[in-house]
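What follows is calculated from the coordinates using simple rules that are stated; it is not laboratory data. Everything quoted here is computed from the prediction, not taken from an experiment. Backbone-built Cβ (ideal geometry, glycine too); neighbour counts: all protein chains shown.
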Amino acid sequence: MGVLNVTPDSFSDGGKFLNTDKAIEGALKMAADGAAIIDVGPESTRPGAEPVSADEQIHRAIPVIEAIAKKTKVCISVDTTSPKVAKAALDAGANIINDITALADEQMAKLAAERQVPVILMHMQGTPQTMQFEPKYDDVVAEVLRFLLDRAKRAEQSGKLKERIFIDPGIGFGKTVEHNLTLLANIDKFVKTGYRVLVGPSRKRFIGQLTGKENPADRVFGTAAAVAICVAAGVSIVRVHDVAEMMNVVKVANALRKEA
Ligand code: HH2
């Protein structure tokens with residue numbers, strides 16, 4: 001999954017794809033580089049980011065989604081917590097809902113059930129405004145798993161097929177470096193649930209803290225290590241900014257997984 005943030009303020013690619021033509025060009029390049037899904041995000045969720053109105057998200061995302069859908073066959077996910085934005089995105093050609101609040105909004109749960117599209121359910125402690133103040137868990141793996149299984153069961157009860165549900169531990173969302181590392185080191189436990197797993201470690205702050213790389217663009221090799229571990233453990237989707245580079249990592253890690 002290639003990340004396409006149509007925002008002015010995302011932590012890594014903020015401003016890069018705000019212009020519609022640039023965004024379409026970026027999406028086409030990621031598809032040509034091998035991405036199976038383009039994740040269009042009209043609202044930054046970096047720590048401290050301010051919420052963006054549904055109308056502004058629609059204004060940013062819809063022309064881009066329409067153009068990608070017209071020009072390629074790549075799957076499109078919309079990274080939003082707003083049911084209004086998700087509905088507009090599905091009508092414009094998106095086919096996956098990526099909800100970092102795991103269908104917290106009843107209307108979003110209803111929309112996902114009605115449209116029967118795949119949904120990504122992500123774990124977050126707190127909100128983007130508060131999540132990095134003092135994240136605390138007694139047992140981070142057990143607590144994140146319990147939350148995701150609860151949300152996944154609820155989605156199934158509202159009529160969603162298990163194969164259309166993806167669970168995501170939410171790397172960097174209300175987690176310290178140690179929490180992120182513990183989750184990544186135990187990612188096989190998420191795979192063993194039988195739900196398909198998505199992980200988004202790309203260029204995130206924990207990689208900067210481990211490597212000393214301040215600039216997110218310099219965190220590509222660090223990202224590669226996390227991606228390799230995830231693929232080797234059976235993760236279905238890795239959400240990344242550097243599609244061409246990570247395709248190589250995925251191919252080799254996948255080949256090794258098959259031999260193991
Ligand atoms: N991470 C980000 C945004 N959306 N969605 C899922 N399912 N999983 C993630 O790990 C995830 C996500 C944050 O990264 P990015 O989109 O690059 O930055 P920003 O939130 O600043 O736009």
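The table that follows gives values for the structure above.
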{"read-out": "Eligible lysines near K258 by straight Cα distance, threshold 18 Å, same-chain separation 8 or greater", "value": "K192"}
{"read-out": "Sites matching GluC sites (Glu not before Pro) across segment 192-260 that sit in DSSP coil, with at most 16 neighbouring C-beta atoms within 10 Å", "value": "E214"}
{"read-out": "Relative contact order, percent, segment 97-162 [alpha-carbon distance under 8 Å, six or more residues apart]", "value": "39"}
{"read-out": "Cα gyration tensor, segment 1-150 - rounded (a/c under 1.5), prolate or oblate", "value": "prolate"}
{"read-out": "Among R239, R154, R219: highest mean-square fluctuation, GNM of the chain, C-alpha pairs under 10 Å", "value": "R154"}
{"read-out": "Shape category assigned to segment 2-259 from the gyration tensor of Cα positions, a/c cut at 1.5", "value": "rounded"}
{"read-out": "Computed over segment 141-212, Kirkwood Rh from alpha-carbon pairs, angstrom", "value": "13.0"}
{"read-out": "All lysines inside 16 Å of K16 as judged from Cα atoms, apart from same-chain residues fewer than 8 positions distant", "value": "K29"}
